[in-house]
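Reviewing the structure listed below.
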Amino acid sequence: MRKAARAAGAGLLAAFLGCGRPADLGTPPDAAVPPVADVSGQVAKTDLAGGAYGDPLPGLSANEQSRFLDGRRAFALNESNLTGLGPVFNAISCTGCHDAPPALGGTNQRVEIRFGRRNADGTFDPLTSRGGTLLHDHAIGAVAGFTYVGETVPAQANVTAGRRTQPLFGLGLVDATPDSTFRAIAAYQAARTPQLAGRAASVVDPGTGLAVVGKFGWKSQIPTLFQFSGDAALNELGITSPLFPDEVCPGGDCSLLAFNPLPAMNDPDGKDVQRFTDFMRFLGPPPPAHAGGPGAVVFESIGCAVCHLPLIVTGASSEPSFDRVAYHPYSDFLLHDMGTLGDGIVQGDARPQEMRTAPLWGLSVQGQMLHDVRATTLAAAIAAHDGQGAASRAAFAALGDADRAALLDFLGSL
Ligand code: HEC
Ligand code: HEC
């Protein structure tokens, strides 16, 4: 169905949105809102026809294309002791984790460890003084006067969580979607399906000090791709830059930075951080789904589509590739209380049990699912939904054979 909508252009999107809308999701907010709009009312100018994995967005200018290629080179470039790697780190380049399959920018499924301590009174201690919450399991080794070693989870920690590397396809479209849209999606859910309603994470933009909506990361802890680039350069590679000037203290012990062989800012003009951002902004979404039909209807009728939202439209932009483009992430990028599926970590605005809805575009190439790769089959991933996802889990379990097969077919086509 999605393919058909794309092939025939905007007109058929009406059919796409209208199809199978079950009574429990309510009627569209306002019959006057044109159907080529997302639930926030943002009207699409174009519907994105995705290319192959790893392709840039269609319609980039020559300048944008060259920034994409330049960014891709930086994204794959190995850091070393000479360029500022470490002292502690997790990999030597972004592609150490966001590698093929299926293309550069994807995920090799590497799982990182987060840790912290849940106190008796229920409060969460990120154990900052012990290097929490992100574990850095590599280090640069012997330097003049000292040998750096990878971190280990401290004895004080009583919460540890695995976090799978997320694929990056299409995230430029999410970045180009205004905060107001995510707040409107949350309001739409609260009005129509309050028991499933998510909330937009409110996080601080370190550049401006203002509260903005977090959309990236498993806990929607980061607001923009630019910030994720700076954050990942620091926390994954050990590369300091203007927005993230302070080196990670190994195991939380900042005195150990006295031996840092490259104490000066590693990316002083922020050019590498900008290049990583360019690559991710211009990286196209996964290819369009192959199937729709009855499975897509089941997906809506048992509530999956409330959180795994099939359609969002970017804001107005002077760059045509981002200007009111309809895209199909199968996520609302909001936080939901997932009960026992929550990872126990407090991060950004997210409480221990809250997780961001995992986008389902590209699902067919995910061998391992959920934040800690606990599921290797679709049925197991659905069965792990708890909290606000429990009703959908139960509805899935109660499906007849034909509906169940149709739903799994549909998911396998994403
Ligand atoms: C050692 C593995 C590793 C390396 C190296 C790495 N990442 Fe990641 N990346 C992850 C993991 C794990 C997550 C999930 C983070 C979380 O929320 O806990 C992630 C998430 C992301 C996201 C958010 C995706 C989404 O769906 O919201 C972006 C953007 C990103 N990484 C960019 C980068 C960039 C840019 C670099 C290089 C500077 C980089 N990463 C290097 C493991 C890695
Ligand atoms: C209340 C919101 C909500 C509902 C309803 C919901 N999900 Fe999810 N889903 C999530 C969240 C949040 C995650 C990420 C959880 C995690 O890994 O911690 C997720 C993860 C997934 C994943 C794993 C994706 C990956 O790449 O790891 C699949 C598959 C999935 N959901 C399918 C479904 C299906 C099918 C339904 C309907 C039966 C459904 N979900 C209903 C919120 C929801």
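Here are the numbers:
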read-out	value
Residue in segment 278-294 that is under 24 Å from His138 (Cα atoms), in a helix (DSSP H, G or I) and hydrophobic (A, V, I, L, M, F, W, C) present	no
Contacts under 6 angstrom Cβ, first residue in segment 47-76 being under 20 Å from Gly230 (Cα atoms), partner assigned to a loop (DSSP other than H, G, I, E, B) and among the acidic types (Asp, Glu), 6 or more apart	none
Matching residues in segment 310-355 - criterion: being buried (at least 23 other Cβ atoms within 10 Å of the Cβ), of a type in the set (Val, Ile, Thr), within 15 Å of ligand 1 (Cβ to nearest atom) and in a loop (DSSP other than H, G, I, E, B)	Ile345
Enumeration of residues in segment 381-394 that are closer than 24 Å to His328 by Cβ and either within 16 Å of ligand 1 (Cβ to nearest atom) or free of Cβ contacts under 8 Å to residues at least 60 places away in the same chain (or both)	Ala381, Ile382, Ala384, His385, Arg393
Residue among Gly209, Gly145, Gly170, Gly214 that is within 16 Å of ligand 2 (Cβ to nearest atom) and either more than 24 Å from Asp343 (Cα to Cα) or of a type in the set (Lys, Arg) (or both)	Gly170
The listed residue being out of contact with any Asp or Glu (no Cβ under 6 Å at 6 or more places or on another chain) and under 30 Å from Asp205 (Cβ atoms), out of Gly412, Gly387, Gly348, Gly367	Gly348
Output for segment 356-375, where each listed residue is of a type outside the set (A, V, I, L, M, F, W, C), in a loop (DSSP other than H, G, I, E, B) and within 12 Å of ligand 1 (Cβ to nearest atom)	Thr357, Pro359, Gly362, His371, Asp372
Yes/no for Ala100 being within 15 Å of ligand 1 (Cβ to nearest atom) and part of a strand (DSSP E or B)	no
Count of residues meeting criterion [within 9 Å of ligand 1 (Cβ to nearest atom) and among the acidic types (Asp, Glu)] in segment 227-252	2
Residue list for segment 200-230, filter: surrounded by fewer than 21 Cβ atoms within 10 Å (Cβ to Cβ) and charged (D, E, K, R)	Asp205
Members of segment 93-102 found to be in contact with a Gly (Cβ under 9 Å, 6 or more places away or on another chain) and surrounded by 18 or more Cβ atoms within 10 Å (Cβ to Cβ), listed by number	Cys94, Thr95, His98, Asp99
Residue match in segment 296-304 (condition: more than 14 Å from ligand 2 (Cβ to nearest atom) and at pLDDT 95 or above)	no
Tally, over segment 376-414, of residues that are among the polar types (S, T, N, Q) and either more than 9 Å from ligand 2 (Cβ to nearest atom) or not in a helix (DSSP H, G or I) (or both)	3
When residues of segment 106-125 are limited to those that are more than 9 Å from ligand 1 (Cβ to nearest atom) and under 25 Å from Ile140 (Cα atoms), the one surrounded by the fewest Cβ atoms within 10 Å (Cβ to Cβ)	Gln109
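The values are calculated or read from the model by the stated rules, or taken from the named source; none is laboratory data. Because the structure is predicted, anything quoted here is derived from the model rather than measured. Cβ sites come from the backbone with ideal geometry, for glycine too, and all protein chains shown count toward neighbours.
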